[in-house]
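Here is the structure we will look at, set down as structure tokens.
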Amino acid sequence: MEKIIELEILGLSSNHSQSGSFTLILGEVNGSRRLPIVIGMFEAQAIALEIEKIIPNRPMTHDLFKSFASGFNYEIDRIIITDMKEGVYYAKIKCKSDLIEAEIDSRPSDAIAIAIRFGAPVYCTEKAMSEGEVDNFEFDSKEEKSSAKKPTQKFVTKKEPSLKDFSLDKLNQMLEKAINNEDYERAARIRDEINKRN
């Protein structure tokens, strides 16, 4: 079985390169590696609300999932970020009841929003970590801890890694993803950075 690495949520950073999105910063437990994952505004809000223990007036989708699963005596055992292909992360939610164990495909953002509602641990494979990890992510260690632990802390805004920090292969992956997502403004910036190197 492939080695898996336990992660903790270090914080949420506004994503300046993609309007309306955030970067979820995950950190290796008892390690120094960081795994930033770009997520949508809705998922960022769902994660932040649960971290800050803010109860919305009406249940959000991830709260509904918890109520539904609990109603059928399902527990979330763990979530695992399994892979990254062409800049897109993949995850699985491992859940169980008295009678059955199941594994559900999920986006990592949804899986993490669900995991924190169940108090379930978050893991990733070594492959996913090595594909997506970023060294020296600009994030103050005090803010890392406080952004995830303190109920009063709001979104932490930190600078995104520069395009200059990525390899040519990674930039080409990011360019393809931006085009697929119809984020042409970001695609143009990535293309310009690639052109500078050619």
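Here are a few things to note about the model shown:
- Gyration tensor over alpha-carbon atoms, segment 23-67, equivalent ellipsoid semi-axes in Å: 25, 12, 9
- Taking label positions 7 Å along the Cα-Cβ direction at both residue 99 and residue 197, the computed distance is 5.3 nm, reported to one decimal.
- GluC sites (Glu not before Pro) lying in DSSP loop within segment 60-134, provided at most 13 other Cβ fall within 10 Å: 86
- Solvent exposure of segment 24-114 as accessible area per residue, Å², 1.4 Å probe: 55
- The amide H of residue 11, built 1.01 Å from its N in the peptide plane, has 25 as neighbours under 5 Å, considering only residues 5 or more places off or on other chains.
- Area of residue 122 that stays accessible when all protein chains are in place (1.4 Å probe, Å², to 10): 10
- Alpha-carbon centroid distance for the pair segment 22-77 / segment 172-194, whole angstrom: 28
- A 1.4 Å probe, protein heavy atoms only, puts the accessible area of residue 82 near 40 Å².
- A simple charge model with +1 on the Cβ of Lys and Arg, -1 on the Cβ of Asp and Glu and nothing else charged puts the dipole of segment 1-87 at about 140 debye relative to its Cα centre.
- Taking the accessible area of segment 58-117, probe 1.4 Å, and keeping the other protein chains in place, the carbon and sulfur fraction comes to 53%.
- Taking one quarter of the surface of the convex hull spanned by the alpha-carbon atoms of segment 19-109 gives a direction-averaged projected area of 7.7 nm².
The values are calculated or read from the model by the stated rules, or taken from the named source; none is laboratory data. Everything quoted here is computed from the prediction, not taken from an experiment. Neighbour counts are summed over all protein chains in view; Cβ atoms, including those assigned to glycine, are modelled from backbone coordinates with ideal geometry. Areas reflect the complete protein model, heavy atoms only, side chains present, ligands, DNA and RNA absent. Shrake-Rupley method; radii C 1.70, N 1.55, O 1.52, S 1.80 Å.
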